[in-house]
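Structure first, commentary second.
The values are calculated or read from the model by the stated rules, or taken from the named source; none is laboratory data. Owing to the predicted nature of the structure, the values given are computational and were not obtained by experimental measurement. Reconstructed Cβ throughout: ideal geometry from the backbone, glycine too, with neighbour counts over all protein chains shown. Just the protein is used for accessible areas: all its heavy atoms, side chains included, with ligands, DNA and RNA removed. Shrake-Rupley method; radii C 1.70, N 1.55, O 1.52, S 1.80 Å.
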Amino acid sequence: MKVHRTLVAAITLALMGTGLAQHHHFPEMKWKERQTDHFTIRTHDTRTDPAKRNAEDVWEECQEILPGMEDDFTKNEFRTPRGEKGSDEAPFRYTVYLLGTGYGYQTCLNTDKARYGWGDTQVRSLMMTGNYKDPLNRYIVICKVDPNESGGGGEQDKTSLFVHSSASSLLSGRARSSSLPFWMTAGWGYYIEHKITDGCRVLYLDFAEYYKNAKDTEIVKGGVLGPEDPWASPVKRLCRKDIRVSLEKVCNAKVITLSPNESGYIFALTYFLVSTDENRASYRNLVKKARDGDKITKEILLMTYGYEDDEGFEKDWYEFVESSKFK
């Protein structure tokens, strides 16, 4: 099925020209543009991969659980958190900006710094990551080289990054929100990344260094979460050894203090939340609550899934993680 979708995307790229009414977010730069059914891919001094290879696979995985995305895109019902359209006319396409020079990335970043009033600290952070998502859920910017070097050359494989970040942005777009909790956006990115690449390589810390310096040696014995291997097996081993992260801690996780175990359980939480047809219906309801303006808290999560307290939720969640369904 994945090969078929990739073939369809490739044919679409070859046949479609520049689309109508797709907003240009960086008109001061020259872009080469290609399209798939649901994405506009704009490149500057680089090629269309990894977006061309993976964009429609990301769409398929997201839309399977969030079918309302189809109307947001094909009927142009997409709206930013401020209520704006993403395209002047149907269809709306999510835009991917791929850059092959640090200078190009810096130009985009400076444009958005002025557009959104970002401070110097945030800009320095985005210069380190080399990528960022539009706060209004319309596009993603990815630099495929060292963003601190003005020139090009030395492109890196950004497949996992593209899959993770575009998926989490599509979730936020469906929710019409710029403030979904970290566990929700990161967990969705991890989940889709796992589905497409069989691993989770994005937003992890230097796990090898973390474990080397960790005082709790049981963490090492329980399993290591790293960028090279799928996470389901080590998280399962951790859970069976009662080395667990609580729902409370997952729901309050922050990227600046994220531990490997928290990353793993954020991934495991989303996996559980969409593991059955009933759970998927609840997940859609959770996204709808965000779309209607509710702040997604742990209490909203419990209520939406029909649990009275953390204990009951964690019992079912941990049992799922230890089961053969989590793989």
| task | Classify the chain as rounded, prolate or oblate from the Cα gyration tensor: take a ≥ b ≥ c as the square roots of its eigenvalues, call it rounded if a/c is under 1.5, otherwise prolate when a/b beats b/c and oblate if not. | result | prolate
| remark: So the FRET efficiency between LEU258 and GLU89, C-beta based with R0 = 30 Å and rounded to 0.05, is 0.15
| field | Computed accessible area, TRP59, all protein chains, 1.4 angstrom probe, square angstrom | value | 10
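Do any trypsin sites (Lys or Arg not before Pro) in the range 46-138 lie in a DSSP loop with no more than 10 other beta carbon atoms within 10 Å, and if so, which?
ARG82
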| task | Could you state how much accessible area LEU258 has, in square angstrom rounded to the nearest 10, with a 1.4 Å probe and all protein chains kept in place? | result | 10
| query | In percent, how large is the relative contact order of the range 62-115, given Cα pairs closer than 8 Å and 6 or more residues apart? | reply | 21
| Positive dipole terminus of the chain, leading residue within VAL58, HIS25, ILE266 (C-beta point charges) | HIS25
| query | Ordering ASP157, ASP37, ASP45 from largest to smallest accessible area (1.4 angstrom probe), what's the sequence? | reply | ASP157, ASP45, ASP37
| Which ³J(HN,Hα) values, rounded to whole Hz and listed in residue order, are derived for the range 89-100 from phi using the Karplus coefficients 6.51, -1.76 and 1.60 in 6.51 cos²θ - 1.76 cosθ + 1.60 with θ = phi - 60°, glycine and proline given as x? | 8, 5, x, 7, 10, 6, 9, 10, 9, 10, 10, x
| Calculated Rg and Dmax of the range 221-327 using C-alpha coordinates, Å | 13.9, 44
| query | the chain: longest stretch without exposed GluC sites (Glu not before Pro) (DSSP loop, at most 12 other Cβ within 10 Å), sites themselves excluded? | reply | 90-227
| query | By how many nm would the segment from ILE300 to LYS327 lengthen if fully extended, with 0.36 nm per residue of separation less the alpha-carbon distance? | reply | 7.0 nm
| Over the chain: helical MRE at 222 nm, DSSP H runs n ≥ 4 each giving -39500 (n - 2.57), nearest 500 | -16000 deg cm²/dmol
| query | With charges only on Cβ, +1 for K and R and -1 for D and E, what is the dipole size of the chain about its Cα centre, in debye, rounded to 20? | reply | 460
| request: Report the paramagnetic label zone for GLU278: residues of the range 172-187 whose backbone N is under 16 Å from a point 7 Å from Cα along the Cα-to-Cβ axis. | output: none
| query | What's the angle, to the nearest 10 degrees (0 to 90), between helix 310-322's Cα axis and the longest principal axis of the chain? | reply | 80
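How long is the gain from ARG237 to ARG291 if the chain were fully straight, where each residue apart is worth 0.36 nm and the alpha carbon distance is subtracted?
The ARG237-ARG291 span can extend by a further 15.8 nm.
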| request: Note down the relative contact order for the chain as a percent, whole number, built from C-alpha pairs under 8 angstrom at least six residues apart. | output: 13
